[in-house]
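These notes concern the structure reproduced below.
Where a number appears in this text, it was derived from the coordinates with a stated rule and is not lab data. These figures come from a predicted structure and were not determined experimentally.
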Amino acid sequence: MITLLTAGCSGSKDFTPSPDMSGKEIFAASYVECHAPVDGYAMEISVDMKDTDKITNQVLSGSLTMPSFPNIQGESIIRLAKYVVENSKTK
């Protein structure tokens, strides 16, 4: 599970990235409200979440404490998931 730093980050978000946004830009526009950098990394995730398919599923589905982002699709979600996996600290 992705660690959240702010309560109230649940529900669904209508954010839709522009087609040319990088994974880093999508993360900054959609996730920094609930996730803060950790030791120079974008965020901290568990070892089993360090997988692009799992990140993609989490983004689309959300969880009890994380909103879903159903409008992040296609290449945008691939770039976002890759950014999160490559730039996250493992706990």
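Here are the numbers for the structure shown:
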{"item": "Of the DSSP H helices in the chain, those whose Cα atoms cover at least 27 Å axially and whose Kyte score averages 0.0 or more", "result": "none"}
{"item": "The chain, relative contact order [Cα under 8 Å, separation at least 6], %", "result": "44"}
{"item": "(1) 1.06; (2) 0.91; (3) 0.98, with the label sought being that of the calculated Rg/Rh (Cα atoms, Kirkwood Rh)", "result": "(2)"}
